[in-house]
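Input: a single structure, listed below in structure tokens.
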Amino acid sequence: LTGHKVQPAVTLLLLVCFQLVLLFQFFFTTDGAALAYIVLSFGLLIAMEWFCYFVMRSISVRGFEPETLAFFLTSVGFSVVGSSAPDGMGRHCLLFLAALALFFALGVWLRDLHRVRAMRWPMAFAALGFLALETIWGAKNWLSIAGQTLQPSEFVKIAYVYAGAATLDRLFRRRNLILFIAFSAVCVGALALMGDFGTALVFFVCFLVISFMRSGSFATLFLAIGGAALAVMLVLTVKPYVAQRFATWGHAWEDPLNTGFQQVRTMSATAAGGLFGRGAGAGWLKNIFAANTDMVFGVVCEELGLIVALCCVLSLLLLAVFSVRSAAAGRSSYYVIASCATVTIFMAQLALNVFGSLD
């Protein structure tokens, strides 16, 4: 607005100040080995974000806004884990490093579209393989490998977008659309059978966006939605407890000790946090089951305040705007479809997590 350019290094420096404030708060709420883990984790985070910044500068990438937003969200994630499950900080750091490595690897890999297309079916089969493992072994949709728990559906999201965008990059081939519909049906159906209806809904919304971008037909979308509605009715008949969960939404206070237990606690904690929060690690919602997963937005509101929580929501919205605006300049429909599909997953997951936990 003032005509002055925003310097990425200055913005990143402000983010480091925010991270140090978060870390400082833990000195008053946590001690012992847990505090040491938190300090080392934040140190690793700060070191890696500056490493990422200098790498991007070295390859003549001047903008660093999306990465800064991502590191901000990662900082809040570190704070939630440090508060609710400090013994899991080591695993969280490993996942963070793996995600950063994947970011750079995909940045190189996706430059060659011929290579991308060649790997679309192996990626699709990899997604189906992860879902098969989750269906056979998964207890509550988590797998335990060498003492570490992972949620395969998170990897499936990446493979789903990769395979879907690469397959539909050649828009004139109807066979590709049919195969993608079959692939999507298997993914969504497997998640529904496991009872992971939240993730299944995220995949289905992503499928609708990709299909519309491929066909440009609202009739196609209405047909897909109609088929999905019939499938949902069938699932609700077979698994009536799912219908009970949907019926609870909007009526949590009518049964605060049973079906509305989590939502009532989340709303109470959000109110208790006020605008500025009670301090990192100083909340009580972290002691409730699934605090750092289903109720993570409530933990952020209580400990860091409504302002920081809304900044998290705004960060995801800004990433969505950035992706859609950048897609217009994509040199291939692959980049357009992939970016819009990824944004769709972000937005659907955001809506489920925020609106679901706050009733």
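The values are calculated or read from the model by the stated rules, or taken from the named source; none is laboratory data. It should be emphasised that the depicted structure is a prediction, and the values quoted were computed from it without experimental measurement. Cβ atoms come from the backbone with ideal geometry, glycine included; neighbour counts cover every protein chain shown. Just the protein is used for accessible areas: all its heavy atoms, side chains included, with ligands, DNA and RNA removed. Shrake-Rupley method; radii C 1.70, N 1.55, O 1.52, S 1.80 Å.
Structure notes:
- Charged side chains reduced to their Cβ positions (Lys and Arg at +1, Asp and Glu at -1) give segment 25-105 a dipole of some 180 debye around its Cα centre.
- Charge-dipole axis of segment 278-359 as Lys and Arg at +1 and Asp and Glu at -1 on Cβ define it, positive-most pick from PHE297, VAL313, ALA338: ALA338
- Alpha-carbon centroid distance for the pair segment 111-131 / segment 54-92, whole angstrom: 27
- Full-stretch length increase - TRP249, ARG331 - with 0.36 nm per residue and alpha-carbon distance subtracted: 25.2 nm
- Taking all protein chains as they are arranged and a probe of 1.4 Å, the heavy atoms of CYS311 leave approximately 60 Å² accessible to solvent.
- Charges were assigned to the Cβ only: +1 to each Lys and Arg, -1 to each Asp and Glu. The resulting dipole of segment 1-137 about its Cα centre is roughly 600 debye.
- A simple spin-label model places the labels of ALA132 and ASP31 5.3 nm from each other, with each point 7 Å out along Cα-to-Cβ.
- Among residues other than SER268 with Cβ under 12 Å from its Cβ, the summed charge is -1 (Lys and Arg +1, Asp and Glu -1).
- Applied to segment 86-92, the Karplus parametrisation 6.51 cos²θ - 1.76 cosθ + 1.60 on θ = phi - 60° returns per-residue 3J(HN,Hα) values of x, 6, x, 5, x, 5, 5 Hz, with x for Gly and Pro.
- Charged side chains reduced to their Cβ positions (Lys and Arg at +1, Asp and Glu at -1) give segment 250-313 a dipole of some 180 debye around its Cα centre.
- Of MET295, MET347, the residue with the largest accessible area leads and the full order is MET347, MET295 (1.4 Å probe).
- Karplus 3J(HN,Hα) series, Hz, for segment 10-15 with 6.51 cos²θ - 1.76 cosθ + 1.60 (x for Gly, Pro): 5, 4, 5, 5, 5, 5
- Rounded FRET efficiency, nearest 0.05, which uses the C-beta distance separating VAL10 from TRP121 and R0 of 41 Å: 0.35
- If you plug the beta carbon distance of ALA182 and ASN258 into 1/(1 + (r/R0)^6) with R0 = 41 Å, you get a FRET efficiency near 0.55.
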